[in-house]
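Right, one structure below, let's go through it.
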Amino acid sequence: MKRKAIVNTDLCVACGCCVRVCPKSAISVPDGVFAVVDSALCVGCGKCAKECPASVIEIGGGAE
């Protein structure tokens with residue numbers, strides 16, 4: 001299983017910190033509502049989870 005970023009969309013504050021640190025541009029905040037991860041681009045590096053001030057991103061297993 002590949003590791004991927006998972007956003008708790010109920011708690012995300014759409015600040016965009018994760019977008020700025022993602023080296024693969026795998027995260028966006030469409031309509032300023034909450035962060036969305038493109039699992040095809042995400043490499044599971046964890047930079048977004050470390051940067052998130054609300055601690056709503058975790059790195060977990062994803063389907064291959």
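Observations on the model:
- Matching residues, segment 48-62, being touching a Ser or Thr at 6+ places or on another chain (Cβ under 9 Å) and under 15 Å from V13 (Cα atoms): A49, V56
- The set of residues from segment 12-41 being under 15 Å from K2 (Cβ atoms) and touching a Gly at 6+ places or on another chain (Cβ under 8 Å) comprises just one member, S39.
- Number of residues in segment 5-29 that are in a helix (DSSP H, G or I) and among the β-branched types (V, I, T) equals 2.
- Residue within segment 30-44 that is modelled with pLDDT of 95 or more, touching a Cys at 6+ places or on another chain (Cβ under 6 Å) and either β-branched (V, I, T) or part of a strand (DSSP E or B) (or both) present: no
- In segment 51-59, the condition of being surrounded by 13 or more Cβ atoms within 10 Å (Cβ to Cβ), part of a loop (DSSP other than H, G, I, E, B) and within 8 Å of the chain's Cα centre (by Cα) is met by no residue.
- Given (1) at pLDDT below 95; (2) under 10 Å from the mean Cα position of the chain (by Cα), index of the condition C17 fails: (1)
The values are calculated or read from the model by the stated rules, or taken from the named source; none is laboratory data. Note that the coordinates shown come from a computational prediction; the quantities given were computed from them, not determined experimentally. Here Cβ is always computed from backbone atoms with ideal geometry, including for glycine, and neighbour counts include all displayed protein chains.
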